[in-house]
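Worksheet: the structure to be examined is printed underneath.
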Amino acid sequence: MKLATWNVNSLKVRLPQVIEWLKMNQPDILCLQETKLTDENFPEQEIAAIGYHSVFVGQKTYNGVAIISKQKGADVLVALPDFLDEQKRVVAATYGDMRIINVYVPNGETVESEKYSYKLKWLPALNRWVKSELKNYSKMALLGDFNIAPEDRDVYDPEIWLGKVLCTLPERDAFNNLLNVGLIDSFRLFEQPDKSYTWWDYRMMAFRLNRGLRIDHILLSDALASTCVKCSIDKAVRKQERPSDHAPLVVELSNY
DNA sequence: ATGGTAGAGGATCTA
């Protein structure tokens with residue numbers, strides 16, 4: 001069983017790459033963020049044509065999330081249950097006995113920004129919901145673009161990023177609070193290459209210089225973490241023509 | 001020189 005997450009930065013632009021990636025990698029689950037599509041424009045037929053189901057929620061221009069899966073999803077949810085939010089950032093569904101939660105956490109812009117305080121309110125709401133979901137599902141995965149680099153080793157230059165959005169202490173505390181409710185950062189279950197990142201700014205030749213951050217994550221409940229045999233970043237995707245600024249992150253689970 | 005690039009949409013906003 002293979003689960004993956006990928007911020008595609010416009011599914012309209014990236015659809016050929018997504019189709020190609022699905023054919024090549026055959027994941028059971030692919031979580032997408034920043035689809036930037038309203039639901040009527042979601043390319044459900046193109047994805048169905050290669051044997052995949054979709055659940056999605058989106059809006060014009062910004063945000064938007066989707067779960068692409070081999071199996072049809074059940075108990076679909078498209079928003080945080082106790083947080084009023086016009087922005088489409090959450091989709092969850094159940095596949096067999098596995099609960100999949102896909103999130104596009106607010107970016108926050110700068111610490112002075114109202115978007116930052118929105119982010120710091122959004123994260124506890126996610127935490128409350130994840131906590132309640134864990135009571136119902138022992139096999140749970142929380143995947144997505146968290147817009148948080150958990151530790152300094154997840155940042156190409158921690159000095160430059162000290163106190164900046166994606167790296168501030170309140171954001172890192174919020175991330176650790178997700179681990180504290182019973183989730184495990186699958187990436188750190190294994191030895192990984194130094195300077196492993198999932199996002200590189202389009203500007204300043206950041207990718208070529210490997211100036212990146214690890215802000216996309218796959219968090220697993222104990223029952224899933226104990227079956228996890230691999231977690232890796234598909235960096236080759238970021239080298240393609242007209243890429244997303246994020247690379248896919250993939251986990252493999254055994255016993256399925 | 002507060003820069004640079006990408007996406008959406010059609011002037012800026014977001015990242």
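Might you let me know whether the stretch A:198-206 holds any residue that is at pLDDT 95 or above and more than 16 Å from DNA strand B (Cβ to nearest atom)? Within the stretch A:198-206 (the criterion being at pLDDT 95 or above and more than 16 Å from DNA strand B (Cβ to nearest atom)), the answer is no, since none of the residues qualifies. From the list A:22, A:3, A:15, A:30, the lone residue that is in a helix (DSSP H, G or I) and within 23 Å of residue A:95 (Cα to Cα) is A:22. Looking at the stretch A:60-140, the strands (runs of 3 or more DSSP E) lying wholly inside it that each contain 3 or more residues that are of a type outside the set (Ser, Thr, Tyr) and within 19 Å of residue A:216 (Cα to Cα) sit at A:65-69, A:90-95, A:98-104.
Count of the stretch A:64-109 residues, restricted to those that are away from DNA strand B (no atom under 16 Å from the Cβ), more than 22 Å from residue A:131 (Cβ to Cβ) and in contact with a helix residue (DSSP H, G or I) (Cβ under 7 Å, 6 or more places away or on another chain), is 1. Scanning the stretch A:170-208 for residues that are of a type in the set (A, V, I, L, M) and touching a residue at least 12 places away in the same chain (Cβ under 8 Å) turns up A:174, A:178, A:179, A:181, A:183, A:184, A:189.
Every condition in (1) surrounded by fewer than 21 Cβ atoms within 10 Å (Cβ to Cβ); (2) at positive phi is met by residue A:230 except one, and the failing one is (2). The listed residues are A:218, A:233, and the only one of them that is within 18 Å of residue A:100 (Cβ to Cβ) and in contact with a Leu (Cβ under 6 Å, 6 or more places away or on another chain) turns out to be A:218. Restricting attention to the stretch A:218-247, the residues that are in contact with a strand residue (DSSP E or B) (Cβ under 8 Å, 6 or more places away or on another chain) and more than 16 Å from DNA strand B (Cβ to nearest atom) add up to 16. Close contacts from the stretch A:41-68, counting a first residue that is more than 18 Å from residue A:9 (Cα to Cα) and a second that is assigned to a loop (DSSP other than H, G, I, E, B), with Cβ to Cβ under 9 Å and a gap of 6+ residues or different chains, come to A:51/A:70; A:52/A:70; A:53/A:70; A:53/A:71; A:53/A:72; A:53/A:73. When A:215, A:160, A:184 are checked against the criterion of being within 16 Å of DNA strand B (Cβ to nearest atom) and touching a strand residue (DSSP E or B) at 6+ places or on another chain (Cβ under 6 Å), A:215 stands alone in meeting it.
How many of the residues making up the stretch A:33-46 are within 16 Å of DNA strand B (Cβ to nearest atom), charged (D, E, K, R) and part of a helix (DSSP H, G or I)?
Filtering the stretch A:33-46 down to residues within 16 Å of DNA strand B (Cβ to nearest atom) leaves A:33-43, A:46.
If we keep only those that are charged (D, E, K, R) too, we end up with A:34, A:36, A:39-40, A:46.
Imposing the further condition that a residue be part of a helix (DSSP H, G or I) reduces the set to A:39-40, A:46.
Number of matching residues: 3.
Does residue A:18 qualify as being within 15 Å of DNA strand B (Cβ to nearest atom), within 18 Å of residue A:145 (Cα to Cα) and β-branched (Val, Ile, Thr)?
Values: within 15 Å of DNA strand B (Cβ to nearest atom): yes; within 18 Å of residue A:145 (Cα to Cα): yes; β-branched (Val, Ile, Thr): yes.
Yes.
State all residues of the stretch A:47-56 that are away from DNA strand B (no atom under 16 Å from the Cβ) and either among the β-branched types (Val, Ile, Thr) or crowded, with 20+ Cβ neighbours inside 10 Å (or both); if no residue qualifies, say none. Don't jump to the end; show me each part of the working.
As a first pass, look at the stretch A:47-56 and keep what is away from DNA strand B (no atom under 16 Å from the Cβ): A:47-55.
The answer is A:47, A:50, A:52, A:54, A:55.
The values are calculated or read from the model by the stated rules, or taken from the named source; none is laboratory data. If you're wondering where the values come from, they're calculated on a predicted model, not measured in any experiment. Reconstructed Cβ throughout: ideal geometry from the backbone, glycine too, with neighbour counts over all protein chains shown.
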